[in-house]
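The values are calculated or read from the model by the stated rules, or taken from the named source; none is laboratory data. From a predicted model like this one, the values you see are computed outputs, not experimental measurements. Methodologically, a virtual Cβ is constructed for each residue, glycine included, from the backbone with ideal geometry; neighbour enumeration extends over all protein chains shown. These area figures cover heavy atoms from the full protein model, side chains too; ligands, DNA and RNA do not enter into them. Shrake-Rupley method; radii C 1.70, N 1.55, O 1.52, S 1.80 Å.
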Amino acid sequence: MTGVPIEQMLELWCVELRQVKADLQSLFAHPGVGASAAAFLDGLLGPERRKTGWIRAETAGDSGPWRQQAVLGRSQWDADALRDMVRDYALETPAAPGAVLVIDETGFLRQGQHSCGVGRQYTGSAGKITSCQVGVFAAYVSDKGCAFIDRQLYLPQDWTNKPERRTAAHVPDNLHFVTKPQIAAQMIERAIAAGVPFDWVATDTVYGIGKVEMQLRRAGKCYVLSAHATDQFSSWIDKPAVAGTAEKIAQALAPEAWTRLSAGDGTKGARLYDWAYLELADLEAEEYNEDLTGLWTRGLLIRRSLSDQDLAFFSTWCPAGTPIEILVRVEGQRWAIEDAFETAKTELSLTHNETRSWQGWHRHVSLVMLACAMMAVVRERANTLTSPQKRNDEAKLQRWYAGLSRKSAAWPHASSNTRSILPS
């Protein structure tokens with residue numbers, strides 16, 4: 001967004017925000033609730049670091065947080081309809097060939113026993129087992145940006161088998177215990193059914209391999225799925241003999257099997273690692289999906305840290321001949337969802353959910369997803385703008401170069417000091 005005049009930037013924000021609010025109204029039968037939801041969105045996008053109900057109410061000019069609370073609680077509207085609206089809106093901008101559907105989770109630290117899904121469980125947000133909620137998210141990542149398109153609160157098993165807790169938190173009667181890999185499979189299925197244009201799927205080790213792999217093969221999707229060091233891999237047909245756990249296979253690799261590549265740019269520059277890629281089998285794609293032809297390769301991608309030699313492993317599936325650079329790029333796209341989590345938590349109130357119910361969590365998170373999507377859309381559209389001042393400056397510079405060139409031609413004996421004034 002560098003170089004865009006502030007007036008043009010503000011106009012872009014205003015136009016986009018008005019349109020988003022207008023589209024939001026279609027989800028609410030009562031216009032008052034729709035107005036409160038629009039005010040809720042204003043609060044999320046506001047400058048306050050902690051966006052509690054009271055602070056959002058102040059932003060909206062309300063005397064108390066009751067209207068804001070009604071949006072998340074007693075009002076009648078469908079959070080899944082908002083989720084689908086966010087998905088369709090977000091994909092207007094970042095949709096691009098080679099896009100990756102990234103599935104990951106994040107934790108929300110919570111104390112007590114009443115917030116839906118709270119319990120002692122591991123969360124990477126804290127790096128330990130602690131009292132928290134865990135949400136599973138799907139993000140659409142392309143060269144044009146990143147946007148959340150799906151979400152679901154993980155409900156631990158000790159919640160699903162206690163009717164009194166379910167009733168108090170308004171957990172739907174038809175909701176049964178599902179594992180995180182099953183949630184991921186449902187999100188992939190929803191994305192495919194909605195026609196989301198993605199070519200790849202990338203996940204963390206939480207979501208495992210096996211069933212998800214078969215789902216993606218049948219759907220004709222490529223993947224780079226994180227695997228455990230203890231997962232078994234083996235080659236067959238005409239590939240070099242490889243068999244054993246991922247870790248043992250990595251330890252047996254010759255030095256020349258490794259190549260240094262960047263998985264994308266981070267805050268400190270290129271994310272450089274050593275990588276190795278083993279093709280385990282070439283299989284006919286039509287065995288899994290009758291709409292596909294040709295050979296697809298089942299493989300094992302291995303990443304080695306430059307600092308401590310730590311290893312990470314990935315099960316891969318892609319058209320035969322896909323270079324390792326593409327697989328590394330896809331794996332590197334997983335960091336985009338981590339950056340999105342950080343932005344949503346620090347800037348857009350993802351962690352400031354004051355509700356305890358199932359619907360309250362999903363309503364709050366869906367509204368935050370809408371704010372994230374709008375920011376992504378505005379950012380991408382701003383990047384396509386060129387500042388008029390910048391264009392004028394460039395034109396002046398080109399004329400200056402042309403004039404100086406003519407003068408240089410007229411001054412064949414110009415000194416080196418004269419030439420040194422040319423910009424580098």
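Per residue, the chain exposes 50 Å² of solvent-accessible protein surface, assessed with a 1.4 angstrom probe and all protein chains in place. Once the chain from residue 291 to residue 114 is taken as fully extended at 0.36 nm per residue, the excess over their C-alpha distance is 58.9 nm.
Apply the a/c threshold of 1.5 to the C-alpha gyration tensor of segment 258-347 and tell me whether it is rounded, prolate or oblate. In terms of gyration-tensor shape, oblate. The relative contact order of the chain comes to 19 percent, based on Cα pairs under 8 Å that sit 6 or more residues apart.
When the Cα positions of 370, 385, 207 are compared along the charge dipole of the chain, 385 comes out farthest toward the positive end, with charges on each C-beta of Lys, Arg, Asp and Glu. Farthest toward the positive end of the dipole of segment 128-260, out of 250, 182, 152, is the Cα of 152, where the dipole comes from beta carbon charges about the Cα centre. With a threshold of 30 Å on the Cα-Cα distance, the over-threshold entries among 211/268; 180/268; 239/268; 21/144; 144/221 are 211/268; 180/268; 239/268.
Springs join every pair of Cα atoms under 10 Å in this Gaussian network model of the chain, and among 21, 268, 144 the largest mean-square fluctuation is at 268. What the phi angles of segment 53-70 give under the Karplus curve with 6.51, -1.76 and 1.60, with θ = phi - 60°, is a coupling list of x, 5, 5, 5, 5, 4, 4, 7, x, 8, 7, x, x, 5, 5, 5, 5, 5 Hz, glycine and proline written as x. Note on segment 99-223: with neighbouring protein chains present and a 1.4 Å probe, carbon and sulfur make up 51 percent of its accessible heavy-atom surface.
Of 267, 384, 179, the residue with the greatest mean-square motion in the GNM of the chain, using alpha carbon springs below 10 Å, is 267. By the Cβ distance rule (another cysteine Cβ under 4.7 Å), the unpaired cysteines of the chain are 14, 116, 132, 146, 372. For the chain, a Kirkwood radius taken over Cα pairs fed into Stokes-Einstein (37 °C, viscosity 0.692 mPa s) yields D = 134 µm²/s. For a paramagnetic label modelled at 7 Å from the Cα of residue 256 toward its Cβ, which residues of segment 303-327 fall within the zone defined by backbone nitrogen distances under 19 Å? Within reach of a label on residue 256, which here means backbone N under 19 Å from a point 7 Å along Cα→Cβ, segment 303-327 contributes 324.
The value of relative contact order for segment 27-83, using C-alpha pairs under 8 Å at least six residues apart, is 40 percent. Toward the positive end of the charge dipole of the chain, with +1 on the Cβ of Lys and Arg and -1 on the Cβ of Asp and Glu, the farthest Cα among 230, 63, 102 is that of 63. Taken over segment 3-78, the percentage of Cα pairs per 10 Å bin, counting from 0 up to the bin with the maximum distance, is 19, 43, 29, 8, 1. About its Cα centre, the dipole of the chain is roughly 1340 debye, where the only charges are +1 on Lys and Arg Cβ and -1 on Asp and Glu Cβ. Would you please give the FRET efficiency between residue 284 and residue 234, computed as 1/(1 + (r/R0)^6) with r the Cβ-Cβ distance and R0 = 22 Å, to the nearest 0.05? Taking R0 as 22 Å, the efficiency between residue 284 and residue 234 is 0.70.
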